[in-house]
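J.: One structure, pasted below without further comment.
The values are calculated or read from the model by the stated rules, or taken from the named source; none is laboratory data. Bear in mind that the values here come from a model prediction, so they are computed numbers and not experimental data. Cβ: placed from backbone, ideal geometry, glycine included. Neighbour counts: every protein chain shown.
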Amino acid sequence: MSSRYTSNSWLNILKFPLGNRTAKPRNTGLTMIIDKGLGLGETRDLLNLAGEYIDYIKLGFGTSAFYAGEILEEKIDLVRSYNIEIYPGGTFLEVAVLQDKLEKYLDTVKILGFTAVEISDGTVAIDSNTRCRAISMAAEKGLNVLSEVGKKDPKYRTPLSELIKQVINDLEYGSQKVIVEGRESGVAVGLYDSQGKIIKTEMEELVSAVPDPSILIWEAPMKEQQQDLILRFGPNVNLGNINAHEVLALEALRVGLRADTLKSVCD
């Protein structure tokens, strides 16, 4: 499949105002979408239109448990044919840990054809030893490990110092990327306040504490969050929990083909 970045005739006459994007397969500028139940036809249309701009598809929460077996298999194969990583949501793993089925869960993830797995404790309390064991076990099974830090319930917000410690430990035990919790709402969770605004002092402290900011995937479901992160880190920041129908809108935002980020080069 030819890259739209090189084949699109518009790019023979125009340049991206915020700079070029990394091409697939890429390690920075990742886009992870949350799939809350797209059918096969919708998935095929999405990939035909925007597959070049998607790096990860997360079957949100425990939704993959409700697919008919042959449908799930076909969907996983379809996504993988576009060189896109696919994985079940982290809440599903938390249930497996709660029921003492961690290894069976990871084996099933692998057997079904998923290429990645999310290790999180956003809802279920998971001790540090179990978390590290889950990460290393998943990595040993050949899965791309994405760990996630932060709680979903603002009443149990993880202190920033503990969150930073988790990021460092996760990388040591085999996480490829670490997701910063943002849920699908982006409000009063992770590093977002009750208005969905990034708590910038905490973001900067986190960034300064990690070996490389590109190891972080920022869950950013809201356009304003995406905009702020792009203006802070550039077009090749890693963004997650993107609505499946907003992939191209995000690409436009990333490169300055949308007023919200274009104005930054006009001021």
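J.: Looking for whichever is farther than 16 Å from Asp55 by Cβ and modelled with pLDDT of 95 or more here; the options are Gly240, Gly234, Gly190, Gly196. Which one fits?
T.: Gly234
J.: Considering (1) surrounded by fewer than 20 Cβ atoms within 10 Å (Cβ to Cβ); (2) in contact with a Phe, Trp or Tyr (Cβ under 7 Å, 6 or more places away or on another chain), say which one Ala139 fails and leave the rest.
T.: With (1) surrounded by fewer than 20 Cβ atoms within 10 Å (Cβ to Cβ); (2) in contact with a Phe, Trp or Tyr (Cβ under 7 Å, 6 or more places away or on another chain) applied to Ala139, the lone miss is (2).
J.: Name the residues in segment 26-69 that are in contact (Cβ under 8 Å) with a residue 60 or more places away in the chain, part of a helix (DSSP H, G or I) and within 20 Å of Ile179 (Cβ to Cβ), would you?
T.: Tyr53
J.: Checking Leu163 against (1) more than 25 Å from Thr22 (Cα to Cα); (2) out of contact with any Leu (no Cβ under 6 Å at 6 or more places or on another chain); (3) at pLDDT 95 or above; (4) buried (at least 17 other Cβ atoms within 10 Å of the Cβ), which test does it fail?
T.: Of (1) more than 25 Å from Thr22 (Cα to Cα); (2) out of contact with any Leu (no Cβ under 6 Å at 6 or more places or on another chain); (3) at pLDDT 95 or above; (4) buried (at least 17 other Cβ atoms within 10 Å of the Cβ), only one is false for Leu163: (3).
J.: Assess whether Val178 counts as being buried (at least 21 other Cβ atoms within 10 Å of the Cβ), touching a residue at least 24 places away in the same chain (Cβ under 8 Å) and of a type in the set (A, V, I, L, M, F, W, C).
T.: The answer is yes for Val178.
J.: In segment 203-219, which residues are surrounded by 23 or more Cβ atoms within 10 Å (Cβ to Cβ) and modelled with pLDDT of 95 or more?
T.: Those that are surrounded by 23 or more Cβ atoms within 10 Å (Cβ to Cβ) and modelled with pLDDT of 95 or more: Ile217, Trp218.
J.: Please pick out the residue among Leu257, Leu253, Leu248, Leu229 that is in contact (Cβ under 8 Å) with a residue 12 or more places away in the chain, buried (at least 22 other Cβ atoms within 10 Å of the Cβ) and either of a type outside the set (Val, Ile, Thr) or closer than 20 Å to Lys58 by Cβ (or both).
T.: Leu253
J.: Taking segment 223-265 only, how many residues are out of contact with any Asp or Glu (no Cβ under 7 Å at 6 or more places or on another chain), within 19 Å of Leu14 (Cα to Cα) and part of a helix (DSSP H, G or I)?
T.: Qualifying residue count for the region: 14.
J.: Still on this structure, I have one more. Test of understanding: among Ile199, Ile242, which residue is of a type in the set (A, V, I, L, M) and in contact (Cβ under 8 Å) with a residue 12 or more places away in the chain? Break it down into steps so the answer makes sense when it comes.
T.: Details: Ile199 fails: in contact (Cβ under 8 Å) with a residue 12 or more places away in the chain.
When all the criteria are applied, what remains is Ile242.
J.: Another question about this same structure. Out of Val117, Val95, Val79, Val109, which single residue is in a strand (DSSP E or B) and not charged (D, E, K, R)?
T.: The conditions single out Val117.
J.: Just one of the numbered conditions (1) of a type in the set (Phe, Trp, Tyr); (2) free of Cβ contacts under 8 Å to residues at least 40 places away in the same chain; (3) out of contact with any helix residue (DSSP H, G or I) (no Cβ under 6 Å at 6 or more places or on another chain) is not true of Tyr105; which one?
T.: (3) is the only condition that Tyr105 fails.
J.: With respect to Ile57, determine if the residue is touching a Ser or Thr at 6+ places or on another chain (Cβ under 7 Å), modelled with pLDDT of 95 or more and surrounded by 12 or more Cβ atoms within 10 Å (Cβ to Cβ).
T.: So Ile57 does not fit the description; no.
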